[in-house]
Amino acid sequence: MRATASAFDFGDAGPEQRHQMQVAVAKFRGELPSARDIERLQATSPGLFNSGYFVLAAVAGSKPGAWQALRTKEGWRAVRLDASVPAKPASYEALRGVLLHDWTDATASEQRSAAVHALARKYRIKYETRTETEH
């Protein structure tokens, strides 16, 4: 899905827009999961909260024209979906260069990691602690 959205910082809002945002924030707060639920989700899905998934899911699931308050990495934002267009299949030929680049980077990264692990197995790291008399 491709979507276009309008967004602005709370500080730039007029009185009516600020009221709409405050209503959206109050509604949002009432629908929040418990702290325990959030901790469980974060433990089972590391990195999920930093991925932008929740912002995308909230925008994609909203009705065009409806304002909602979303928390982003940069802080709270009021967002309104303007339009939504169904996704189209991608053309391999159009994306061939990007795909090759991504594959090359991933393969090189895996090879570097394997080489570092192989080297690490050849060495034993010994940590020495200082005694009080060595200070």
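Only the coordinates and a few stated rules stand behind these numbers; no lab work does. Computed from a predicted structure; not experimentally measured. So basically every Cβ, Gly included, is an ideal-geometry build from the backbone, and we count neighbours across all protein chains shown.
Divide, for the range 59-135, the radius of gyration over alpha carbons by 2.2 N^0.38 Å, where N is the residue count. Could the numbers behind the result be given before it?
Numbers: Rg = 25.7 Å, N = 77, 2.2 N^0.38 = 11.5 Å.
Dividing the Cα Rg of the range 59-135 by 2.2 N^0.38 Å gives 2.24.
Work out, step by step, the length gained on full extension between residue 83 and residue 109: first 0.36 nm times the residue separation, then minus their alpha carbon distance; give nm to one decimal. Before the final figure, lay out each step's value.
Values: separation 26, 0.36 × 26 = 9.36 nm, distance 3.86 nm.
The span from residue 83 to residue 109 would gain 5.5 nm if fully extended.
Once the piece of chain linking residue 16 and residue 125 is laid out straight, how much longer is it, given 0.36 nm per residue of separation minus the C-alpha distance between them?
So the chain would gain 32.9 nm between residue 16 and residue 125.
Just to be sure I understand the model, the point goes 7 Å from the Cα along the line to the Cβ. What's the resulting residue 132 to residue 96 distance in nm?
Taking the two extended label points, one gets 7.3 nm.
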